[in-house]
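The values are calculated or read from the model by the stated rules, or taken from the named source; none is laboratory data. These figures come from a predicted structure and were not determined experimentally. So basically every Cβ, Gly included, is an ideal-geometry build from the backbone, and we count neighbours across all protein chains shown.
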Amino acid sequence: MLRELSEKRYRLLVENIPDILFRMSMDGEFLDIHTPDENYLMLPKDKLLGNKIQQTHPEYSVSMWEESRDALKKNGQMQFAEYSLEINGKEQYFDRRMVSSGADEMLMIIRNISERKRAEHELKQSEARFRSIAEAMTNPVVISRIEDGVILYANQRMYDAFKVQDGELLGERAEKLYVRPEERKKLVSDIKKHGRLINQELEMLRPNGEHIWILFSASTLNYLGEEAIIASYVDITEWRITQAQLVQASKMAAIGEMSAGVAHEINTPLSTMRLSVDNIRQALKKGEINAAEKSLQLIDDEVTRTNSIISQMLSFSRDTENQQREIFDVRTVFLQVILMLKNQLEQLGIEILIKLGGKLQLVYGYPVQLQQVVFNLAINARDALSGTEAKKIEFRLKRRTDKIFLEIEDNGSGIAPEIRQRIFNPFFTTKSSGQGTGLGLSVSQKIINAHSGIIECKSANTGKGALFRVTLPLAEG
């Protein structure tokens, strides 16, 4: 009864496994056979049962079996092997596991792994094709694991660009090549969110300590079974140096534009302080301490005001090339520019309208660079109002889901359609000789592009005023 129950359980187990199972004697006789497909057997079951493997299989197959059987009898440990057989004119791949099931018997479990082997072969061929393409590319290409940034592959151009020996980058973390390693987290977040990233400017670091600027494009892929990022680079170091020089030239021109207005802004508090000093002298002679203290407080207020103006001027004039990106409230950019230009615009009879909203409007980038953009647009709006009555410039911020719009609109002469097509070209200007460099809008466009934004001009027609709109992505979080 117990033997029948055991046999029933054994049969139930055997019938439900997807593998080929042979129960054999140690001398090679087939005692029992289970297979999900008889086509995988070299002979039909009834031709195998009761016969020995030496009678039914070719010599090389028998030799492999005997070698594994002898090892099993010697150490009692499972024997594993992979092999291939030609069945019905097609090569089939198997893995075989052999275990002892008693002193004189064994179980041989065989699994068809043909599909897996073919997939591995196709993967190797695909990998070989990918490598041949990647190595032929003129740009550096690198693949890094998403999870931890470990570099899985780099082509020869990548090693040349970063001046290292072949193979030295493999296994290293990609963030070691970043001047600011934390930037990789944001890049990975953006790539995972959008599936790819195109033409992102990055400052990278060679292992020898040299800094280079690259144009970075990347997308996600499955590389050898792992989630990874494939990135290609274009070295833009020389172009970046030239761009920085143009930005600084434009900034120096802008400083010249604002100098008259800033001088007036500083002269006013100085005059107030001089008058307050005279008032203090008179108050002290009369023993009027309270009056003297009020004049001292007024002097302190004017010093604070003057210091703020000078600080803005110094901040604006600094070279921004080595500054780091940060998250900041874009409203402050408008307010800082207005502080520097307010007196000058009012002296010209220009009404200033400000609509910035009361909430934080956070963006990720370089605040001084965006300040330069707003300043350039404000100066252009000022110049466009020459000869206009009831002059007006409006500064606006608008928010739409994940974007912020910076708008500067004037009611001046407007911009003709044929001119609008050229206004962002370097050195193009409609101003008189000596009144403009033609760099302001060109530099502004480059700055906004580097912030993953858009700058555009909207002008209904000549004489209808102009609207410049800057669109920037809001900072996450």
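Observations on the model:
- Among the residues of region 149-199, the one identified as among the small types (Gly, Ala, Ser) and within 18 Å of Ile327 (Cβ to Cβ) is Ser189.
- Where helices (runs of 4 or more DSSP H) fall wholly inside region 23-107, no range has 2 or more residues that are modelled with pLDDT under 90, within 23 Å of Ala119 (Cα to Cα) and in contact with a Pro (Cβ under 8 Å, 6 or more places away or on another chain).
- In region 134-163, residue farthest from the chain's Cα centre (by Cα) [restricted to those that are free of Cβ contacts under 8 Å to residues at least 24 places away in the same chain and within 22 Å of Gly195 (Cα to Cα)]: Ala134
- Inclusion of Ser452 among residues that are touching a Pro at 6+ places or on another chain (Cβ under 6 Å), of a type outside the set (Asp, Glu) and modelled with pLDDT of 85 or more is warranted.
- Residues of region 181-206 satisfying the condition of being part of a loop (DSSP other than H, G, I, E, B) and exposed (fewer than 14 other Cβ atoms within 10 Å of the Cβ): Glu182, Gly195, Arg206
- Where Gly171 falls short, out of the listed (1) at pLDDT 90 or above; (2) loosely packed, with under 12 Cβ neighbours inside 10 Å; (3) in contact with a helix residue (DSSP H, G or I) (Cβ under 6 Å, 6 or more places away or on another chain): (3)
Matching residues to (1) surrounded by 12 or more Cβ atoms within 10 Å (Cβ to Cβ); (2) touching a strand residue (DSSP E or B) at 6+ places or on another chain (Cβ under 7 Å); (3) of a type in the set (Ser, Thr, Tyr); (4) not assigned by TED's automatic domain parsing to the domain that holds Arg23:
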site: Ser84; (1), (2), (3), (4): yes, yes, yes, no
site: Asn88; (1), (2), (3), (4): no, no, no, no
site: Tyr93; (1), (2), (3), (4): yes, yes, yes, no
site: Arg97; (1), (2), (3), (4): yes, yes, no, no
site: Ser100; (1), (2), (3), (4): yes, yes, yes, no
site: Glu105; (1), (2), (3), (4): yes, yes, no, no
site: Glu127; (1), (2), (3), (4): yes, no, no, yes
site: Ala136; (1), (2), (3), (4): no, no, no, yes
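- Set Ile113, Ile146: member being surrounded by 14 or more Cβ atoms within 10 Å (Cβ to Cβ), under 30 Å from Glu29 (Cα atoms) and β-branched (Val, Ile, Thr): Ile113
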